[in-house]
Amino acid sequence: MPNDAVHSSHNIDRDRLVDLYRTMRRIRAFEEAAEKASLAGLVGGAVHLSIGQEAVAAGVCANLRRTDQITTTHRGHGHCIAKGTDPGAMMLELFGKEGGTCGGKGGSMHIADFDVGMLGANGVVAAGIPIAVGAAHGAKLLGEDRVVVCFFGDGAINRGPFMEGLNWATVFQLPVLFVCEHNGFASTTHSDAVTGGGGANARAESLGLEAFEVDGNDVAAVDGLVGDLIPRIRGGGGPMFLSARTYRLKGHTSVDPALYRDQEHAASQWDGDPLVRAADELRRLGLGDSDLTAIDSAAVGEMVRVAEAADAADTPALEHAFADIQDIGAPVWEAQS
Amino acid sequence: MSGMSVISYQEAALQAVAEEMRRDPRVWALGEDLGRGGVFGQYRGLVDEFGPERIADTPISEATIMGASVGAALVGTRPVVEMRFADFALCAVDEMVNQAAKARFMFGGQARVPMVIRQPSGMWRSSAAQHSQSLEAWYTHIPGLVVAAPYTPADNKGLLKSAIRCDDPVIYIEHKDNWALEGEVPDDDDYLVPLGPARLAREGADLTVVTWSKMVGVAEQAAEQAAEMGIEIEIVDLRTLWPWDQEMVFASVAKTKRLMVVHEAVQVGGFGAEIAATVAEHMAHVLVAPIRRLGAPRAPISYAKPLEDLLRITPDKILNIAQEQTRA
Ligand SMILES: Cc1ncc(C[n+]2csc(CCOP(=O)(O)OP(=O)(O)O)c2C)c(N)n1
Ligand SMILES: [Mg+2]
């Protein structure tokens, strides 16, 4: 039974919205700290910021248990934080330092934190889809009642693993929620310009999934809808699909000025900033400005501190370049004197 | 005490999978047509014992057979991945090379990817350019992967069992022309052949031939003929290509002072080049003849029989090179 009605903000409890807002604010503060470190040359490589997309991460992950699992993409910092990964370890990872989530060996695009069910970001577009499907397949084989959420962008729906993975999830009736973050762009390309047919939801429905759409900048709406879907999926309802309309407020990477898009239109999108919208809603629910400011400054303070700590931390010992490759036939580390 | 039985290469693999699935409930197999035994019968009957969840029939979705196996391995199951033909594994290269091989390392050791990737390989009957390839060298190049290529039925049992118990992703190359090959195989359901050590297939004093998979048999035929001409060939069946048994190869070359590497794969960029180069780097001073490689010409495999045969490694080709090397 397809449902492409756009869910709107539900009657959310104020405390819950405060929590969601705090999560979004922490993600925003993390991204701003990462952006600054990247522009200062302290963080190498590509950094894909999720500024503007925080409501999807926060609204989805608020409905997951610690034992539930997610996979994410190159633009995955927000999902990690929302799932419970320590931003300190994440920032160390971005800086390529000891104590990072992956010991500094993965960087921004390969953050993983298995203890909280974060099964890895991915540097290959759409590659997380089969992995999420397999994690759900594993849950089914092991008889565990985990749900797996698979985040990907609107660009990923044009890769083969999207079709294969969705079909697979239907065929094996796996507990997966696919979440397409439709931010309108795949790198510098308008995703609509390179996507045939009816788009993500039409494709998902054609493969037998129930597909939903949500305003991905309305955190309460995301939370409300996903709150309905997760118990159904956990209860054996099969895989489901969610398109969340959002907007990438920054460039594709931290250093991309995104001049390929209509500048006026891009600027106007800040009016729909999910944090601004949630803050407005909180004020309407009676939260005072000082409470909001307290949340904001706590988040900024936290992320400034983790960036300072990451800057001060040590790089990994050289032998880690040869560790954790394989048990059989691993390279031999010969310390250079 | 357990005995030996004469069984085929295919039956040996079937035994290995069945025994490991009995031993460990986390082991499962997935691929196309497995419920009917798989295209080569190497899963015959398993669905009756283990059910369709653990002998899973999948869509023709190689990327997701591989990628879902990575996900399922990351969360604690142990998939045996059937690729049907090595050629089709190319539809799943990202999942093998970027995901399976890298996850443990990229994630700083948080996760393991225990999976066996079975890739039936090599030339058999008139199967042309997309069903005949030997691509093992590609995988030896990838950090994170183990690569095995058994020749004997006993090794196909013992190595496959070791591969299933291994916590690393293992590329497991079975030769399609070997399925019916019979040999003595231990009945023991804990019979393991460790990944890594080679097997001395034949002793000889004059020339070391290092080879693997079906070419071991071809080299053995060549060695029989060579013996009649007074040339004693020693054959090292590598069995595992990564890691490969340098110790056994070096010891053999130290004795014979001559090395030929033989493989069915294209010679250019083949794994034989790695062995030849390594021996040259370490043992040039003991060699009394140039190292020789024998692989296929760099041509797609033809369908028409005489053209296909042109690309085959034959005992004659080995013999000719052996004569040249020992004349020196
Ligand atoms: C298979 C593959 N092709 C190309 C790229 C390069 N690339 C990285 S992100 C990206 C755009 C992805 O767009 P989308 O999926 O919509 O995610 P978004 O960046 O919008 O979050 C591209 C083309 C890649 N990483 N992987
Ligand atoms: Mg996009």
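The values are calculated or read from the model by the stated rules, or taken from the named source; none is laboratory data. All values reported here derive from a predicted model rather than from experimental measurement. In this analysis, Cβ positions are derived from the backbone assuming ideal geometry, glycine residues included, and neighbour counts consider all displayed protein chains. With ligands, DNA and RNA removed, areas are computed over all heavy atoms of the protein, side chains included. Shrake-Rupley method; radii C 1.70, N 1.55, O 1.52, S 1.80 Å.
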Q. How many residues does region B:250-272 contain that are closer than 25 Å to B:Leu135 by Cβ and either crowded, with 17+ Cβ neighbours inside 10 Å or β-branched (Val, Ile, Thr) (or both)?
A. 13
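Can you pull out the helices (runs of 4 or more DSSP H) entirely within region A:69-144 that have at least 2 residues that are within 16 Å of ligand 1 (Cβ to nearest atom), within 8 Å of chain B (Cβ to nearest Cβ) and open to solvent by less than 10 Å² (accessible area, probe 1.4 Å)?
Values: elements: A:77-83, A:87-94, A:128-142.
So the answer is A:128-142.
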Q | Every residue from region B:172-208 that is in contact with a Ser or Thr (Cβ under 9 Å, 6 or more places away or on another chain) and among the aromatic types (Phe, Trp, Tyr) | A | B:Trp179, B:Tyr191
Q: Scan region B:127-152 for residues that are assigned to a helix (DSSP H, G or I) and within 12 Å of the chain's Cα centre (by Cα) and report the count.
A: 4
Q | Unique match (being more than 15 Å from B:Ile318 (Cβ to Cβ) and open to solvent by less than 30 Å² (accessible area, probe 1.4 Å)) among B:Glu247, B:Glu174, B:Glu234 | A | B:Glu174
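Let's see how each residue does on (1) in the same structural domain as B:His282 (by TED's automatic domain parsing); (2) out of contact with any Lys or Arg (no Cβ under 8 Å at 6 or more places or on another chain); (3) over 20 Å from B:Val286 (Cβ atoms):
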residue: B:Asp206; (1), (2), (3): yes, no, no
residue: B:Ala227; (1), (2), (3): yes, yes, yes
residue: B:Val236; (1), (2), (3): yes, no, no
residue: B:Thr240; (1), (2), (3): yes, yes, yes
residue: B:Pro243; (1), (2), (3): yes, yes, yes
residue: B:Ala254; (1), (2), (3): yes, yes, no
residue: B:Arg258; (1), (2), (3): yes, yes, no
Q. Which helices (runs of 4 or more DSSP H) sit wholly inside region B:1-108 and have at least 3 residues that are at the interface with chain A (Cβ under 10 Å from one of its Cβ atoms), open to solvent by 20 Å² or more (accessible area, probe 1.4 Å) and within 30 Å of A:Glu93 (Cα to Cα)?
A. B:103-106
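Determine whether A:His182 is open to solvent by 20 Å² or more (accessible area, probe 1.4 Å) and either touching a residue at least 24 places away in the same chain (Cβ under 8 Å) or near ligand 1 (Cβ under 9 Å from one of its atoms) (or both). Steps first, answer last, please.
Values: open to solvent by 20 Å² or more (accessible area, probe 1.4 Å): yes; either touching a residue at least 24 places away in the same chain (Cβ under 8 Å) or near ligand 1 (Cβ under 9 Å from one of its atoms) (or both): yes.
Criteria met by A:His182.
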Q: Provide a single number: the residues in region A:185-209 that are more than 16 Å from ligand 1 (Cβ to nearest atom) and open to solvent by 30 Å² or more (accessible area, probe 1.4 Å).
A: 7
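Answer yes or no as to whether B:Ile301 is part of a loop (DSSP other than H, G, I, E, B) and either open to solvent by less than 50 Å² (accessible area, probe 1.4 Å) or touching a Leu at 6+ places or on another chain (Cβ under 7 Å) (or both). Talk me through it step by step, then tell me what you get.
Details: part of a loop (DSSP other than H, G, I, E, B): yes; either open to solvent by less than 50 Å² (accessible area, probe 1.4 Å) or touching a Leu at 6+ places or on another chain (Cβ under 7 Å) (or both): yes.
It is true that B:Ile301 is part of a loop (DSSP other than H, G, I, E, B) and either open to solvent by less than 50 Å² (accessible area, probe 1.4 Å) or touching a Leu at 6+ places or on another chain (Cβ under 7 Å) (or both).
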(Q) Which residue is farthest from the other protein chains (Cβ to nearest Cβ), if the candidates are limited to region A:147-171 and must be more than 9 Å from ligand 1 (Cβ to nearest atom) and open to solvent by 20 Å² or more (accessible area, probe 1.4 Å)? (A) A:Thr170
**Q.** Among (1) free of Cβ contacts under 8 Å to residues at least 24 places away in the same chain; (2) in contact with a Lys or Arg (Cβ under 6 Å, 6 or more places away or on another chain); (3) not basic (Lys, Arg) - the single one B:Gly51 does not satisfy
**A.** (2)
Q. In region B:203-223, is there at least one residue being part of a helix (DSSP H, G or I), within 13 Å of chain A (Cβ to nearest Cβ) and touching a helix residue (DSSP H, G or I) at 6+ places or on another chain (Cβ under 7 Å)?
A. no
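Restricting attention to region B:181-211, which residues are among the charged types (D, E, K, R) and surrounded by 17 or more Cβ atoms within 10 Å (Cβ to Cβ)?
B:Arg199, B:Arg202, B:Asp206
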(Q) Which residue is nearest to A:Arg16 (Cα to Cα), if the candidates are limited to region A:200-213 and must be more than 16 Å from ligand 2 (Cβ to nearest atom) and not in a helix (DSSP H, G or I)? (A) A:Phe212
Q: Would you point out the residue of region A:173-199, among those that are in contact with a strand residue (DSSP E or B) (Cβ under 7 Å, 6 or more places away or on another chain) and in a loop (DSSP other than H, G, I, E, B), that is nearest to A:Asp145 (Cα to Cα)?
A: A:Pro175
**Q.** Filter pass, A:Glu31 being within 16 Å of ligand 1 (Cβ to nearest atom), modelled with pLDDT of 95 or more and open to solvent by 20 Å² or more (accessible area, probe 1.4 Å)
**A.** no
Q) Is region B:23-32 home to any residue that is without any contact (Cβ under 8 Å) to a residue 40 or more places away in the chain and over 22 Å from B:Val113 (Cβ atoms)? A) no
Q) Of the numbered conditions (1) among the basic types (Lys, Arg); (2) open to solvent by 30 Å² or more (accessible area, probe 1.4 Å); (3) within 26 Å of A:Leu225 (Cα to Cα); (4) in a helix (DSSP H, G or I), A:Lys36 satisfies every one except a single condition; which is it? A) (3)
(Q) Condition first: closer than 17 Å to B:Met215 by Cβ, outside any loop (DSSP other than H, G, I, E, B) and touching a helix residue (DSSP H, G or I) at 6+ places or on another chain (Cβ under 7 Å). Now tell me which residues in region B:173-194 satisfy that. (A) B:Asn178, B:Gly183
